[in-house]
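S.K.: Below you'll find the structure I mean.
What follows draws every value from the coordinates through simple rules; no lab data is involved. The model shown is predicted, which means the values in this text are computed figures rather than measured ones. Positions of Cβ are backbone-derived with ideal geometry, glycine not excepted, and every protein chain shown enters the neighbour counts.
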Amino acid sequence: MNRSVSVAPPLASALQRLWGAVTRRPRAADAALSVAVFVTSLFFAFDGSDAGLVMDAPDGRPWTVTVGDVPIAAALVLLALACAALYWRRSQPFAVLWVTVIATALATGIGYAQLGGGLAMLVALYTVGRHASSDLWSYIGLGGAWAVFGLDYLLGELTAAAVGVGLVVVSMAWYIGKRVRMRAEHAAQLERERVADADRAVAEERTRIARELHDVVAHRVSLMTVQAGAAKTIVGDDPQAALQAMEAVEHAGREALDELRHLLGVLRPKAEGGSLGPQPGLADVGRLVDQFKEAGLDVSFTISDVPTGLPARVDLSAYRIVQEALTNVLKHAGPGAWTEVRVNLDNEVVSIEVTDDGHAVTTLPGSGHGIMGMRERALLLGGSLTAGPRVDGGFRVMARLPIGGGPA
């Protein structure tokens, strides 16, 4: 039992190495195949006896091959041509098939079908099924092989039963090649789909990372810039207020670093030690609003009918949308702008509305990606987001996020 198990792996390894050599050197493999088919055809066409190499002549009487036998010499030439053509079987499968078909037909016509290249024709048929790019020509080639057996029957070389067996054999050779091609194409298609899925996943992950980085950096840096500018303006008149503004800058900077560390920790697949903190959600919007109040915005916040335990993706997206909307108000409307944030639940849809009066002067340029990022977050959840100026002045952002991921 153990002995048989120990023999199988070396045999399998040897076959694998042989197949590897064939796939690495296809031209050499086809040359060896041509020689092998030629030798095998001779072996089956002749049988050894005491009288030498003997073969049945067209009239049924045995004869001995001699140099002066022109028909047998012609048949050997046809066999050599058919086998030599196999060297180009991968690059020119149809041409090779027709060479073997014609050679076999001519040999049949002069009475030596055994030496016409029938085995070479089988190999060519398999190659057409395996490498053909046109199904029409593939079927035409198979029909040509069938025609050779019909010629054999008409010339009395084969019986009807033998013709039937021959048709089955050549059809099987062609079908096996076709099945191998279909399996290879299916495997290639699966590989292309796998690569496409991997590329799509990478692109989606990059978009998510870019969105998270934008939300974290734009929000915190905006707070720091506004507070630093305010401190610079009032440092001569009110040092205590300037000190408070700089403390707010320090606090925003620390929070930005904490969120960046968290995001980088998520990106590190084999991070060890130290648990990652939870992602922010609607429960943290109150603290977020307080930060913007410290930055100078006049913000009011109301939330109603929103249950706890929302799906993490909805909870985080809702927080990020409020954060980005308030950041845009701070950048474009400036400190002192009146802002209202409303969050409520309506038919299993979280509605978020952020409006401002827009009366202050724009203080910071925008990147143009904030609204796009908010809209992408809403769309990924099956929701929607609209943003634009209000009729009576100011700006309004309205998002609807389905809790179940369905269309809002």
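S.K.: Compute the Cα gyration tensor for the range 284-408, then decide on rounded, prolate or oblate, letting a ≥ b ≥ c be the square roots of its eigenvalues: rounded whenever a/c is under 1.5, prolate when a/b is larger than b/c in the other cases, and oblate in all that remain.
M.R.: prolate
S.K.: Computed FRET efficiency, Cβ-Cβ of residue 237 and residue 372, R0 51 Å: what is it to the nearest 0.05?
M.R.: 0.80
S.K.: So, R0 is 41 Å and r is the distance between the beta-carbons of residue 92 and residue 380; what FRET efficiency does that work out to, to 0.05?
M.R.: According to the calculation, E is roughly 0.20.
S.K.: Between residue 167 and residue 25, 0.36 nm times their residue separation minus their Cα-Cα distance comes to what?
M.R.: 47.9 nm
S.K.: Can you work out the FRET efficiency for the pair residue 340 and residue 183, with r the C-beta to C-beta distance and R0 = 60 Å, to the nearest 0.05? Can you show the working numbers first?
M.R.: Details: r = 63 Å, r/R0 = 1.05.
Efficiency for this residue pair is about 0.40.
S.K.: Percent of Cα-Cα pairs per 10 Å bin, from 0 to the last occupied bin, for the range 138-258, please list those.
M.R.: Pair shares across the bins are 11, 17, 12, 9, 9, 8, 7, 7, 8, 6, 4, 1.
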